[in-house]
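Presented below is the structure to which this report refers.
The values are calculated or read from the model by the stated rules, or taken from the named source; none is laboratory data. These numbers come from a predicted model, not from an experiment. Note: ideal-geometry Cβ built from the backbone for every residue, glycine included; neighbour counts use all protein chains shown.
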Ligand code: AMP
């Protein structure tokens, strides 16, 4: 396996940008794909977000766009990257800008939900790199603001999600107008039949590169569960977040309303937090993401939909405030903390009603989560006969824990956040 970027025959301005990004070793998808892409081959990449796939395609594309450098014609793009969500489009655009910072190439990004004028203006003189979501792109193509006769590279990113989100027809319409002579890359985390046949129709003699499936990403994550009553989840979260080892936490809530309530509650407990979900405007979501990314807020509370495609480095903890109804979502959620080979910690709060969801998750991931019993809101309903009148919230669970621990030979107090031991 290639152990450094210098072995990958990337030009010096790219190497310099990679050093600035602090990338020293190519990830497996980069080591496998970059040589084939530099040689002009089509690639079928079976890889999900988090494997370093953006750089795997961005670096060779940037290099080929300057060897030779050709001025793009008005309204046209030399490379097109199609991706399903605007968050992903913005991230890919930012990655190209970061890796290509010394190359002076022109770039534009196109997605729906905002006015089209700035996007039309950005395309007027033509660009080297265009990152787009399918719906708006098709719109602008139909209005003749964008053309592809000078295109030489096409990337179809997250093809399986395009399918899930109902974009495949739009994608096919776009592909139909691209020049036949081109280099094509298709990335997908999974390869259902529809995607395999799409791949066959858009790729020419592709090289297949495949990296670690979800299950092995999950193996690297320290996964723990805390049993707690629904009503105690919010104070428990504030308590857990008191641990300074949790330097960047993504908290998942099941509903938009829930996400808002959690963020507000944290603010009241003096924990800097922001929430993102579908009811927030695009600019509010971007602001929240930016303050999380820059470290101004330590905690981002998100719903599953809003978190799609969020890609932020250095998330130390994913906290499932609510367990997801679909066990696959659990895997996607916790994967946010194990980016590009990093290890992470996932804590899940589980109420009595959620036990069945926990069982589904454990079945899917084929592992049992470690139970953290040692927290101030540990759930163990006393039988009615010994039910005591109301006691101070802190004192009561503490006594229960001591009883339970005593029965097992009294483990020393380990703290509720395994991070502290790992940091
Ligand atoms: P991606 O799968 O493209 O979304 O990348 C996942 C994350 O890994 C991104 O935040 C990148 O900044 C980071 N990354 C990509 N390649 C490398 C590398 N070779 N070394 C360190 N980090 C990387």
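Computed values, structure above
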quantity	calculated
Single condition residue 200 does not satisfy, out of (1) farther than 28 Å from residue 337 by Cα; (2) part of a helix (DSSP H, G or I); (3) in contact with a strand residue (DSSP E or B) (Cβ under 6 Å, 6 or more places away or on another chain)	(3)
Count - residues of the stretch 1-26 that are more than 17 Å from residue 207 (Cβ to Cβ) and within 8 Å of the ligand (Cβ to nearest atom)	7
Enumeration of residues in the stretch 281-318 that are touching a helix residue (DSSP H, G or I) at 6+ places or on another chain (Cβ under 7 Å), away from the ligand (no atom under 16 Å from the Cβ) and not in a helix (DSSP H, G or I)	297, 299, 301, 302, 303, 317
Filter result for residue 51 (within 12 Å of the ligand (Cβ to nearest atom), in contact with a helix residue (DSSP H, G or I) (Cβ under 8 Å, 6 or more places away or on another chain), closer than 30 Å to residue 114 by Cβ and part of a loop (DSSP other than H, G, I, E, B))	yes
Where residue 228 falls short, out of the listed (1) surrounded by fewer than 19 Cβ atoms within 10 Å (Cβ to Cβ); (2) modelled with pLDDT of 90 or more; (3) at negative phi	(1)
Residue match in the stretch 98-116 (condition: assigned to a helix (DSSP H, G or I), within 16 Å of the ligand (Cβ to nearest atom) and outside the structural domain of residue 336 (by TED's automatic domain parsing))	yes
Members of the stretch 1-34 that are part of a loop (DSSP other than H, G, I, E, B), in contact (Cβ under 8 Å) with a residue 12 or more places away in the chain and over 13 Å from residue 57 (Cα atoms)	1, 2, 3, 4, 9, 11, 21, 23, 24, 25
One residue from 176, 124 being out of contact with any strand residue (DSSP E or B) (no Cβ under 7 Å at 6 or more places or on another chain) and farther than 27 Å from residue 94 by Cβ	176
